[in-house]
Structures are given as C-alpha cells and as structure tokens.
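K.L.:
Take this structure, written in structure tokens, and hold onto it; I'll ask about it next.
The values are calculated or read from the model by the stated rules, or taken from the named source; none is laboratory data. Since this is a predicted model, take the numbers as computed values, not measurements. Cβ placement follows ideal geometry from the backbone for every residue including glycine, while neighbour counts extend to all protein chains displayed.
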Amino acid sequence: MAKRIVLAGGGTAGHIEPALAVADAIGRIDPDIKCEFIGTANGLESLLVPQRGYRLRAIPKAVMPRTLAISVLKFPVAIFRGIARSRKILKGADALIGFGGYVSASAYLGAKLAGVPIAIHEANAKPGWANRLGRHLARLVAVNFEEVRSSWAGSVLTGMPIRSALSELAKLSNQERAKFRELHAKSLGLDSNRPIVAIFGGSQGSLQMNQAVSSYLASRLEKGDSKLQIIHAVGLNNPLPEARSDYLPMAYFHDMAAIYGVADLLITRSGAVTCSELMTVGRFAILVPLSHGNGEQVDNAMALVEQGRALMVNNEEFTGSWLQENLAKVAATAAHALEPATLHLQAADRIASLVLENLLGYRTGQKE
C-alpha cells in the first residue's frame, strides 16, 4: 500500500509555502507517496494548496486567546473539535509534518492519539505555542534559526524551505545577476542604471506602510527629487495609487524572483519566509516588524540585523518623515549585493529526507 504523509500548516504563507516545498520534495524522492494537507476552510491554504495539486482537509481554526475576551471560552471548543477531526483524518497515515499556525496544535494532538509519528518545522526565531507543544510530541524537530537549535535539545538546523525560483536566482553569477536585473528593470519600465527600491507589506498590504510611502512621495515631488525608483505592492484589497515615472504601484508581487532580482533595497515585514528569502538571494532590507503573535517578527528581524543584512524600524516609527530622512542614505549603502546564505537552498530536500529516514524507515535515496 502507498505511504501517506499529512502536512499541517495554515493561516499565513509563512506556514503554507514551506509545507508545499517539503511536499514537493517528498514527491521527488518517492512519487508513490501520497501527500495531503490539514488546514482551514477559509485561510490562504484553501487557495494555495489545491492550486499545487494537493488535497486539503479542513479542521476548525483554533487561535490561542491573548486577552480576556469571549474567545477564551471558544478556544477549548475549537481545539477539541480540531483534535477529533485531525485524529479522523490521520487514521492510517504514516507521518504528520507540522509547520505551526492555527491548525498544527490540534493536528499534533490528533496524531498522538492516532499513533502517528510526528515531525515539526519551526520557522521563526521565537517559536509559537503550537510548535512549543509539538516538539515534545515529535520524533523529529527541524528548525530555521541557530538560536532555536541551541535551545531545543535534539533539534536539527535545516533552514527554511523556499521557492525553487529563488534558489535558482541565488545560484547566478554576478554577471548573470546583473543581466537578470537589467532585463527585469526594462520589463517594468524602469532604468537599470538608477537604484530600485521594492516595498511590500504582505498579500493584504499594510495601511501603515502605504501611508508612509504616500507621504514620502508627496514630499519628494515637491522637492523634485526622483533619483530613487520605487516599486510598491499596496495589497490586493487596497486602491492602486497613480503611477509615475519613478513610482510603480502594483496590487501584489506575483513574481518574487523578479522583485528580489531587480531591487537594490527591499522594505518589508519580517516574517520567517521573507527573512530566509532575503538571506538566500543576498539582498539588504529595511525590516518593519509587526508586533502581532508572540513578537516573533522582531526576533526574526534582529537575527538579520546582527548579521549586517538589515536595518530594523519599529512600525510606529516608519513614516513618510522617516523615509525622507533615511531612505536615500540606506539605499546608497545597500547597493552592493550581500553574500547569499546557502543554508536554505536544500532545506526542503533535507527535511523530506529526514522525515522519510526517521519516521518511515527509508534509507537515503531508497524506499523502505
């Protein structure tokens, strides 16, 4: 009978994209293994997972309440329903791989009750509550940050599974990257001889970041300063500002390899996936962490700041005035490409191999 592996992760692309990369890697090792996903019916995974050809099985979303509110009463009901549903889905499965997020805690407990071996991947420098629970139940714990590996005994540093297009970008020579940048700048109507700054705040955009950019552009127009060129993803549900010769607004960056390849400087949030991608492609960034969750974005950003790969700005301080005062100076120092980090290039394949070896008893490169 064909092996079946269930992957759990949902809510944000930071949980879903790495899970999809690992599922793809498992398929490359053994195409006979069936991979399917546990997620929520209304999260981003409900779009991304089926698009990649995988089955998604929905369970209730269980969000850990952080304040005293009605959600405190709803949480136990949601998580128990999630555990029951997960246990049913996992019956007969050969392994569960969890990536944190709203559904993973229920999936971990459901797998434990169903007798299914567990592996987890922790993407953040500051782990969330689901994976803090999951690591005590797991046979294999893979992590993205050395700080977590050193504090979680027995864990394995694998890096972050990232998109194959970014891995290919990271492997280009300096000459090839310069040509890549020139071609993509031209396709966007930009001048490859002038600095390019890319700004994005996630799939839904960021009101704070959008307002800061708008204020900065208004001031720059008054001064007639247009040396920097800006490409800006405002978010899928936000109105698109008027384009200018030095400012190109978009709803969403669909081709991230092109964006990373064309930009000299990026301004973005500091989710774990974004930070890992920045390290892999060797680009400097201004990181504006969100303080939601357990504050993991601040820790993610600090890891890059300490490596000289980023500058961190508090969300409240990121304004048009801050950009007027600092953007040109930061862009000037960020023009030189950083050394790409190789840790993440083979992360998906390594996690897939570790799962098959440690949970399913495969020998490297061989079926059981």
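K.L.:
Within the range 290-308, can you find the residues that are closer than 20 Å to residue 146 by Cα, assigned to a loop (DSSP other than H, G, I, E, B) and within 17 Å of the chain's Cα centre (by Cα)? Before you say what the answer is, go through the steps one by one.
P.N.:
Step one: list which residues in the range 290-308 are closer than 20 Å to residue 146 by Cα, which gives 294-308.
Those still in the list that are assigned to a loop (DSSP other than H, G, I, E, B) too: 294-295, 307-308.
Residues satisfying the conditions are 294, 295.
K.L.:
If I go through the range 119-141 residue by residue, how many of them are within 20 Å of residue 278 (Cβ to Cβ) and in contact with a strand residue (DSSP E or B) (Cβ under 6 Å, 6 or more places away or on another chain)? Lay out the reasoning, then the answer.
P.N.:
Our first condition is that a residue be within 20 Å of residue 278 (Cβ to Cβ); within the range 119-141, this holds for 121-126.
Checking the rest, the ones that are also in contact with a strand residue (DSSP E or B) (Cβ under 6 Å, 6 or more places away or on another chain) come to 121-122.
Matching residues across the range 119-141 total 2.
K.L.:
Among residues belonging to the range 309-349 that are among the charged types (D, E, K, R) and within 18 Å of the chain's Cα centre (by Cα), point out the one that is nearest to residue 22 (Cα to Cα).
P.N.:
Keep residues of the range 309-349 that are among the charged types (D, E, K, R), which gives 309, 316-317, 325, 329, 339, 349.
When the remaining residues are screened for being within 18 Å of the chain's Cα centre (by Cα), the result is 309, 349.
Values: 309: 26, 349: 7 Å.
The qualifying residue nearest to residue 22 (Cα to Cα) is 349.
K.L.:
I would also like to ask the following. Identify, please: which residue in the range 328-338 is modelled with pLDDT of 90 or more and farther than 14 Å from residue 194 by Cβ and is, among those, surrounded by the most Cβ atoms within 10 Å (Cβ to Cβ)?
P.N.:
330
K.L.:
To continue, here is another question. In the range 139-162, what residues are part of a loop (DSSP other than H, G, I, E, B), over 11 Å from residue 120 (Cα atoms) and over 19 Å from the mean Cα position of the chain (by Cα)?
P.N.:
Listed by number, the residues that qualify are 152, 153, 154.
K.L.:
Take residue 119 and decide whether it is of a type in the set (Gly, Ala, Ser) and either touching a helix residue (DSSP H, G or I) at 6+ places or on another chain (Cβ under 7 Å) or assigned to a strand (DSSP E or B) (or both). Lay out the reasoning, then the answer.
P.N.:
Numbers: of a type in the set (Gly, Ala, Ser): yes; either touching a helix residue (DSSP H, G or I) at 6+ places or on another chain (Cβ under 7 Å) or assigned to a strand (DSSP E or B) (or both): yes.
When the stated conditions are applied, residue 119 passes them.
K.L.:
Ok, one more. Of the residues that make up the range 346-353, is at least one over 17 Å from residue 279 (Cα atoms), in a loop (DSSP other than H, G, I, E, B) and touching a helix residue (DSSP H, G or I) at 6+ places or on another chain (Cβ under 8 Å)? I'd like the intermediate steps shown before the answer.
P.N.:
Step one: of the range 346-353, the residues over 17 Å from residue 279 (Cα atoms) are 349-353.
Now narrow it down to the ones that are in a loop (DSSP other than H, G, I, E, B): none.
Scanning the range 346-353 turns up no residue that is over 17 Å from residue 279 (Cα atoms), in a loop (DSSP other than H, G, I, E, B) and touching a helix residue (DSSP H, G or I) at 6+ places or on another chain (Cβ under 8 Å).
K.L.:
On to the next question. Can you say whether residue 107 is modelled with pLDDT of 95 or more, more than 16 Å from residue 11 (Cα to Cα) and buried (at least 17 other Cβ atoms within 10 Å of the Cβ), as far as the supplied structure shows?
P.N.:
Working: modelled with pLDDT of 95 or more: yes; more than 16 Å from residue 11 (Cα to Cα): no; buried (at least 17 other Cβ atoms within 10 Å of the Cβ): yes.
When the stated conditions are applied, residue 107 does not pass them.
K.L.:
Right, next: Considering only the range 163-184, I want to know if a residue exists there that is part of a loop (DSSP other than H, G, I, E, B) and under 20 Å from residue 15 (Cβ atoms). It would help to see each step written out before you state the result.
P.N.:
First pass over the range 163-184, keeping only residues part of a loop (DSSP other than H, G, I, E, B): 163, 171-173.
If we keep only those that are under 20 Å from residue 15 (Cβ atoms) too, we end up with 163.
There is at least one residue in the range 163-184 that is part of a loop (DSSP other than H, G, I, E, B) and under 20 Å from residue 15 (Cβ atoms).
K.L.:
Which of the numbered conditions does residue 22 fail, given that it passes all the others? Conditions: (1) out of contact with any His (no Cβ under 8 Å at 6 or more places or on another chain); (2) within 16 Å of residue 356 (Cα to Cα); (3) modelled with pLDDT of 95 or more.
P.N.:
If we test residue 22 against (1) out of contact with any His (no Cβ under 8 Å at 6 or more places or on another chain); (2) within 16 Å of residue 356 (Cα to Cα); (3) modelled with pLDDT of 95 or more, just (1) comes out false.
K.L.:
Specify the residue that is surrounded by the most Cβ atoms within 10 Å (Cβ to Cβ); the eligible residues are those in the range 4-19 that are modelled with pLDDT of 90 or more, within 15 Å of residue 142 (Cα to Cα) and of a type outside the set (Gly, Ala, Ser).
P.N.:
Restricting to residues being modelled with pLDDT of 90 or more, within 15 Å of residue 142 (Cα to Cα) and of a type outside the set (Gly, Ala, Ser), the top hit is 18.
K.L.:
Can I ask one more? Go through the range 91-104 and give me each residue that's surrounded by fewer than 21 Cβ atoms within 10 Å (Cβ to Cβ) and out of contact with any helix residue (DSSP H, G or I) (no Cβ under 7 Å at 6 or more places or on another chain). Before you say what the answer is, go through the steps one by one.
P.N.:
Narrowing the range 91-104 to residues surrounded by fewer than 21 Cβ atoms within 10 Å (Cβ to Cβ): 91-93.
Of everything in the range 91-104, those that are surrounded by fewer than 21 Cβ atoms within 10 Å (Cβ to Cβ) and out of contact with any helix residue (DSSP H, G or I) (no Cβ under 7 Å at 6 or more places or on another chain) turn out to be 92, 93.
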